[in-house]
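First up is the structure itself, then whatever we jot down about it.
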Amino acid sequence: MSKDFILEIGTEPLPARFLAPVLEQLSAKMRAVLRENRLAYEKAQVLGTPRRLAVILTGVADRSAALSREVQGPPARLLKDESGGFTPQAEGFARKQGIKPEDLATVSTPKGEFLLARIHDPGEAASKIFARILPELITSLEFAKSLEWEPTRLRFGRPIRSLVALYGKSVIPLKLAGVRSGRTIFGPQRSALIKEAGEYAGKLKNLLVLADPEERRQVLTRLLETAVKQTGGKLDQEGGLLEETVFMTEHPVPVVGHFRLEFLALPAPLLKMVLKKQLKFFPLLGPGGLLPSFVGVRDGVSEGQAQVREGYERVLTARLSDAAFFLERDRKTSLQSKLPLLKRVTYQNKLGSMADKAGRVEALTGRIVGRLTAADFPVNEDSAGRIAALAYADLVCETVKEFPELQGLMAGWYARQDGLDERIALGLEEFYFPVGPRSPIPTTIEGAVASLAAKIDSLAAHFAVGNAPTSSADPFALRRQALGALRIVLEKQLPLDMEEMLSAALAGVRESLPLSPEDEKRILADLSDFLWGRAEGLFAEKDFSADEIRSVREGGLRHLPNAFRRLSAIHSVRRDPDFEPLAAVFKRAANILKQAVAKKEVIAQDGPQRSVLTEPAEIELFDCLEHVSGSVEQHLAEARFEEGLKEVVTLKPKLDAFFDKVMVMAEDRNLRAQRLALLSRLVRLITRIADLSEIQGPEKSSAQPVIVNR
């Protein structure tokens, strides 16, 4: 006979960001442990609010499924010893399988006679299973941060204050962190007893708790729409505030409020920051921008709305008044005049101040501009340098000290107030872009170059002091900064040698942090691997396979836009039926050369000479390679890698004939050197597009994942 089950973990209020991940864990872990214990159920649902995590199971079987199985053990000759007693091997095998040695049987196999344990598990009562699995399930839940608060030192997101565990009408006995399980559930003001699991959701609603996050989301959305209609505005939902509010409340009730018109003179990012980030209020938008109204969300019954509205408006007025005060103080001096104050702000204890950081970024920006200018890439040197010089000035502003999330945005606003060119103001505003994997990069090339320089400097600086990310931690967001740098280079199509830029950044760091040549070489290698690891992840998102990505690793960081074009060429030309056979032949040629170098064989330095070659097949390959090389070189010079690769594929028949008819490692030393030179020329030409020895067959290429967590 099946019954319903409920587990509720009552806690002190959990942060909103904890809830969605832990509910996913709770669902996955409960399903897994039930499957492991062979306990059938019809449906599972997880519920959660800031004060409770719950899982409801419907139609749970009263016992786990019976199981019969056979396990083969040691050879049958080890059943008993010469005196007729069971051997240690037989006793150990039986004990491991949970049976007695005398219950062991034997089985014949092609390899001989072996001991056999026949095990029958009749199943276990559901109540016993729950009593056994629930403590481990609860304590296995992981949070971004956990607390210890009682003598057993159990760690959890917030202190546990109640436990409900019912199977049908029966309480499953548990005790965790000094709390015993029962049947009492708690609302904001009252509590209730549940007689059986099926009553849980209904009783909670009577206590003014909507435990289902999806139901809360729908209710909140509907109520917000109704509340906003009376204002004539539109709800500003950017930034995920709706989702955050769903997980901050148990019974959301919107409250519309207003603020003084004079506060609309504040910069829009500052005004939104106070509303959304500090107070969790929804701003309202009209045709001309922000309206002097907002929607707050209270948690609980909709009584005393006027008093709640008055409280919301009072605290908002205080915050906006503070913001206006800070802003007015900041405007008394220009951004330029604030730069000396950066000497008082520590960047990193081994790397000096923010003034030192700004100096390195400005120098690296100049180097990048020089490389772009040399490549005829249009960039305004003065604007890029000005952005780099002023980028960190707002860090000493009172407004940014109070609202750190506004760094960059406020720099752009102050720059406009100072009368600086809009290109500079926009570059400062977008200096920290992109802020996420899908968010935009800086709009102007000058802003992009300054932002790129800052990210490269951060990577070099933190790797130099030993702050490289680990598999489990990245406290300085270096993966995000590396990804941002790569996106800027790729999306702006910057013809930059990223390995050179990393080296230049490390040279700048060396002025504050002396490094030995050996340390510098190691750090550069680590930086290069780390940056390429991020590039692999980017390319994998574009559906390029792992072997295709590996094939362009050589030289990939020296020109990322071309690496992407090379990759696209391989992906496209791979559909040609001759491509993968060509890759196999290329691998053979590359291996012959590698072995020849290892054996210190002579390879003709002046390249293969047609007059020295003797076999028709090698002469034909020479002629075909001579013809194809010129065409391929022209394609490569104009970054037409697909066309170049298609030309290379035409060599396949000549290569097949060469390897069928010609002995590369001929006894004649001069002839051997010429044939090796012919292969070397072929490999060098193809490698300029890709290392085809990395290309696998269809099955292998799709099976090998790209590892990006470096």
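Scanning the stretch 144-157 for residues that are buried (at least 18 other Cβ atoms within 10 Å of the Cβ) and touching a residue at least 40 places away in the same chain (Cβ under 8 Å), which turns out nearest to residue 178 (Cα to Cα)? Walk me through it before giving the result.
Going through the stretch 144-157, the residues buried (at least 18 other Cβ atoms within 10 Å of the Cβ) turn out to be 154, 156-157.
When the remaining residues are screened for being touching a residue at least 40 places away in the same chain (Cβ under 8 Å), the result is 156-157.
On the way: 156: 13, 157: 16 Å.
Ranking the qualifying residues of the stretch 144-157, first place goes to 156.
When you check residue 158 against the structure, is it under 13 Å from residue 10 (Cβ atoms), part of a loop (DSSP other than H, G, I, E, B) and among the charged types (D, E, K, R), yes or no?
yes
Out of the stretch 438-456, which residues are modelled with pLDDT under 95 and closer than 13 Å to residue 488 by Cβ?
439
Restricting to the stretch 16-47, name every residue that is part of a strand (DSSP E or B) and either of a type outside the set (Gly, Ala, Ser) or under 19 Å from residue 250 (Cβ atoms) (or both).
Result: 43, 45, 46, 47.
On the basis of being part of a helix (DSSP H, G or I) and surrounded by fewer than 19 Cβ atoms within 10 Å (Cβ to Cβ), does residue 377 make the cut?
Working: part of a helix (DSSP H, G or I): no; surrounded by fewer than 19 Cβ atoms within 10 Å (Cβ to Cβ): yes.
The answer is no for residue 377.
List the residue pairs whose Cβ atoms are under 6 Å apart, where the first residue sits in the stretch 544-556 and is over 22 Å from residue 494 (Cα atoms), the second is in a loop (DSSP other than H, G, I, E, B), and the two are 6 or more positions apart or on different chains.
546/704; 546/706; 547/695; 547/696
So if I check each of 63, 52, which one is crowded, with 20+ Cβ neighbours inside 10 Å, modelled with pLDDT of 90 or more and charged (D, E, K, R)?
Exactly one of 63, 52 is crowded, with 20+ Cβ neighbours inside 10 Å, modelled with pLDDT of 90 or more and charged (D, E, K, R), namely 52.
If the Cβ limit is 9 Å and pairs must be 6+ apart or interchain, which residue in the stretch 657-674 that is free of Cβ contacts under 8 Å to residues at least 24 places away in the same chain pairs with which residue that is surrounded by fewer than 19 Cβ atoms within 10 Å (Cβ to Cβ) and charged (D, E, K, R)?
Close Cβ pairs (under 9 Å, with a partner that is surrounded by fewer than 19 Cβ atoms within 10 Å (Cβ to Cβ) and charged (D, E, K, R)) amount to 663/615.
Out of the residues in the stretch 384-417 that are buried (at least 22 other Cβ atoms within 10 Å of the Cβ) and not hydrophobic (A, V, I, L, M, F, W, C), which is nearest to residue 458 (Cα to Cα)?
Out of the qualifying residues, it is 392.
I'm told residue 55 meets every condition in (1) assigned to a helix (DSSP H, G or I); (2) among the aliphatic types (A, V, I, L, M); (3) within 33 Å of the chain's Cα centre (by Cα) except one. Can you identify the failing condition by its number?
Condition not satisfied by residue 55: (1).
Kindly indicate whether any position in the stretch 468-484 is touching a residue at least 40 places away in the same chain (Cβ under 8 Å), farther than 30 Å from residue 443 by Cβ and outside any helix (DSSP H, G or I).
yes
Hey, could you check the stretch 161-176 for residues that are small (Gly, Ala, Ser) and assigned to a strand (DSSP E or B) and say which is farthest from the chain's Cα centre (by Cα)?
Residues of the stretch 161-176 that are small (Gly, Ala, Ser), as a first pass: 162, 165, 168, 170.
Imposing the further condition that a residue be assigned to a strand (DSSP E or B) reduces the set to 162, 165, 170.
Numbers: 162: 35, 165: 36, 170: 44 Å.
The qualifying residue farthest from the chain's Cα centre (by Cα) is 170.
I'd like the full set of residues that are under 23 Å from residue 206 (Cβ atoms) and among the aliphatic types (A, V, I, L, M), limited to the stretch 248-265.
Within the stretch 248-265, 248, 253 meet the criteria.
I need the full set of residues from the stretch 538-566 which are aliphatic (A, V, I, L, M) and surrounded by fewer than 22 Cβ atoms within 10 Å (Cβ to Cβ), in order please. Reasoning before the result, please.
The initial filter retains those residues of the stretch 538-566 that are aliphatic (A, V, I, L, M), namely 538, 540, 546, 549, 552, 557, 560, 563.
Within the stretch 538-566, 538, 540, 546 qualify.
Going by the structure shown, is residue 593 hydrophobic (A, V, I, L, M, F, W, C), touching a residue at least 24 places away in the same chain (Cβ under 8 Å) and part of a loop (DSSP other than H, G, I, E, B)?
no
The values are calculated or read from the model by the stated rules, or taken from the named source; none is laboratory data. Only a predicted model underlies this, so the values are computations on that prediction, with no experimental measurement involved. Don't worry about glycine lacking a Cβ; one is built from the backbone with ideal geometry, like all the others, and counts go over all protein chains shown.
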